[in-house]
Every structure is written in structure tokens, then in C-alpha cells.
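Each remark here refers to the structure printed beneath this line.
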Amino acid sequence: MKILHISDNHLGAIKYRKNETYNDFLKVFDEIFKLAFDYNPDIIIHSGDLFHKDRPESITLKFAFDKFLELSKKFKILIIPGNHDFKARVGLSPISIFENGNIKVVEMRDIFKEDKVDVQKLKFCYNGINFYLIPYFSDRQLLRDSIFEILTDLKDSEINFIVLHQIIDEETSRQKAGIIDIPFENLKNFDFIFLGHFHTPKVKEKFAYVGSSEAIKYDEYEYDENGFIKQKTKKRIILYEVLGKSNIKKEEILLKTPREYIKIEFDDPTINEIENKLKNYEDNEKILILKISNANHNITIELNSLLSKLKFYHVEKIITSFKQNQIQNLKIINTNNYKQEILGKYYEIVMKIIENQNIIDLENEKEQEKEIENILRSLTNEDKVNRT
């Protein structure tokens, strides 16, 4: 049996404040849609975050609905909501409208019975394989308790797969501040684990993060010494061929339509050095990540002028540090005019709060909060107070 694994399409997202990038995510999904028909799997698994927001715009929802409806005419499809797809309090995502005879959607609110997970609600059997579909859990203990309940349903003689939108191992969670939703040890009785949530692809013997289909941020990629994206982190989908309980072949299919990134780093550069190097990389369709450390403070104005002339789709400028001796020589401006320029029409309100001696003299944090609240309540313009 062949299984196509996709995840984290984040339809409806916009990156780097450029509205045109909305179409980047749709274009990549169009490519995946066509690849599904080319590779002709028996079943398609989507492991979460189809949408970027739990309330996608109608045009985004219609786009996805039409695509999945067309896919379901030929393929069985299993979908779980990711953390972006639903509101935790409601436990229901817009993906629920996709469900039909060939599309199974497992929603959080549907799988609990008397405060316990209803294993049969999240189980799907197809061609001799048991698929356990778990929507995103924000409560890690509840997730782990639910997994233990599912484990009691497993039969060693059968092929058992689980689909999750979670972080399961320490190495993959390096960008999640070391947080593990569930240890891999707790899942080792499953024959394979299809994962979403982590945006960089990671394929192992017993589990796989297929990764996102289009990058939201540059750090979803790793870059080589020349600034180009490393092959192992490029966007992809995965085709599995299940030949037996412990015999699963994997084919990673690289996507062609994700927008390209280039990451160039400098340490204490001159403006000429930056210009000479970047001219070799100019491309109207690519996003440039420019990272500078130990920058000369005077370079910033020249740099902005240079970047406005270069031909890139977008430039994300990151200055991590300035030369220390220059920082020490900078004059600190501390005038009311300077404050007023920054604070604008909120100047009087903010200054009334931060210059109130009663607040400064208060030792108790709760008393400070109460005093600030009283000052805010004394102001008559409610809209102004909320914005402040």
C-alpha cells in the first residue's frame, strides 16, 4: 500500500508583511495537488496545520475545500487539526466541513467520552492497517494519558500507525526551547509515526516530520557556506510504500515551487564589501536574509540605500551587534522632545504614569499595579487608554 504524507501548508499565511506572499502558499499546495495524482497513492495523510488561522478567510477556505473535494474523488484522506487549525476552547476546526465518505477528520471535541479518549473514534482501519489519528493537544499530560489508552488497543500481529501534530524527541525540539510533548519511548510500539508541527523535514526509521510545504520564516532552512539552502532541509512531501510490518520504503519528493531563500552573513564589513558580494546573488524572486555582526554604526544609512537598489523579492536585515567602542561613544539623548517624538499623541498619558512619584515609591508590586490602574481610570478618553 502507498501512503502520501503532507503537512503544515499554512494556507492563508503572509510572510514578511508582504501581501503577495499569500499566493506562495497556494501555489505550493497546487503543486502537491498535482503530485498526488502523479504518484497515485492509496491514501493521503495530512498531519495538521492545513490553515494558518483557525478562522481562515472565505477565499482560502474555498480553495482548500475544492482541492480536497477533488482529491477525495480518487483517494482516501485522513486529516488531523494542528494547533493553528482550531480554537482549544471549542475543539472544532474549519477542516470538519471537508469530511465525507473518503475524508476522515478527527476533531478534539469528538474523541472524548466521559473524560477519557474514545479510541474507536480516532481509529481508522484500511487495507489491514490501523491508523490512530490524534489532533493537536496543548495539554501534554492529557496527551500522554490518551496515548497510554490507545496502546491498550494495539495488537502486535497488526500494523499500527499513529498520526500526530506534536514534538516527540529531544533533537527535533531544539527550536522549541527543549520542550517535548511526548517522549519517543512512549510511542515505540507503533510501527510508524507520521508527524506535523516541526517545519524542517526529519525522516527516521520509525517516524517522520515531513515539514512545512512553504517556509514562513527563514530559520526553517539550514544554509551552506555559500548561503544556499541545504538539500536536506528543502521542502518536500513523502511517499511511503508499506511492504510489511517492519518494511516501509520512503521516497522524499522535493517541491519545486517554494520561494527560494539566500542567507549571507558578514562580520565587520564595509559597505563596498556588502555591495560587491550581494550583486552576485541578485534575484527578483528570492528572499535575502542579510545578517551582520560587529557592524560599524555609520553603515546603517548607507546600507538602507544600497538595499533599496538591489533586486531581491524581499530583504530581511538582521544586525546582531555593533562595534563595542562605538556604542560607548554614542551620546544618549534624553530630552522631553525626544520622548514626545517617540510617544506621539500618547506622550502625556505615558509620562503621567512613569513620572508619578507615588508609583516609584511603592514597594509592593500589587500596589503599583493598582495605582497605575487608578491613573488610567482617571483619564476620560477610553479609546486612548486601551491603545496605551
ask   = If you take the residues in the stretch 213-222 that are without any contact (Cβ under 8 Å) to a residue 60 or more places away in the chain and crowded, with 19+ Cβ neighbours inside 10 Å, which one is nearest to the chain's Cα centre (by Cα)?
value = 220
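When you check residue 188 against the structure, is it of a type in the set (D, E, K, R), open to solvent by 10 Å² or more (accessible area, probe 1.4 Å) and within 18 Å of residue 253 (Cβ to Cβ), yes or no? Reasoning before the result, please.
On the way: of a type in the set (D, E, K, R): yes; open to solvent by 10 Å² or more (accessible area, probe 1.4 Å): yes; within 18 Å of residue 253 (Cβ to Cβ): no.
Criteria not met by residue 188.
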ask   = Which of the residues spanning the stretch 308-330 are touching a Lys or Arg at 6+ places or on another chain (Cβ under 9 Å), open to solvent by 60 Å² or more (accessible area, probe 1.4 Å) and at pLDDT 90 or above?
value = 317
ask   = Do we have residue 86 as aromatic (Phe, Trp, Tyr) and either out of contact with any strand residue (DSSP E or B) (no Cβ under 7 Å at 6 or more places or on another chain) or closer than 14 Å to residue 6 by Cβ (or both) here?
value = no
task = Among residues belonging to the stretch 295-307 that are modelled with pLDDT under 85 and either of a type in the set (Ser, Thr, Tyr) or loosely packed, with under 13 Cβ neighbours inside 10 Å (or both), point out the one that is nearest to the chain's Cα centre (by Cα).
result = 300
remark   = If we ask which residues in the stretch 191-212 are open to solvent by 10 Å² or more (accessible area, probe 1.4 Å) and more than 11 Å from the chain's Cα centre (by Cα), their number turns out to be 8
note = Screening 66, 8, 38, 30 for residues that are closer than 21 Å to residue 235 by Cβ and without any contact (Cβ under 8 Å) to a residue 12 or more places away in the chain leaves only 38
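How many residues, within the stretch 224-239, are surrounded by 15 or more Cβ atoms within 10 Å (Cβ to Cβ) and either within 30 Å of residue 319 (Cα to Cα) or over 24 Å from the mean Cα position of the chain (by Cα) (or both)? Can you show your working first?
Filtering the stretch 224-239 for residues surrounded by 15 or more Cβ atoms within 10 Å (Cβ to Cβ) gives 227, 229, 233-239.
From what is left, the residues that are either within 30 Å of residue 319 (Cα to Cα) or over 24 Å from the mean Cα position of the chain (by Cα) (or both) are 227, 229, 233-235.
Going through the stretch 224-239 one residue at a time, the tally reaches 5.
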remark   = Of those in the stretch 245-259 that are farther than 25 Å from residue 14 by Cα and free of Cβ contacts under 8 Å to residues at least 40 places away in the same chain, the residue surrounded by the most Cβ atoms within 10 Å (Cβ to Cβ) is 251
note = The condition from (1) under 20 Å from residue 214 (Cα atoms); (2) at pLDDT 95 or above that residue 76 misses is numbered (1)
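The values are calculated or read from the model by the stated rules, or taken from the named source; none is laboratory data. Treat the numbers as computed from the prediction; the structure is a model and nothing was measured. Positions of Cβ are generated from backbone atoms using ideal geometry, with glycine treated the same way; all protein chains shown enter the neighbour counts. Note: accessible area is taken over every heavy atom of the protein model, side chains too, but ligands, DNA and RNA are not part of it. Shrake-Rupley method; radii C 1.70, N 1.55, O 1.52, S 1.80 Å.
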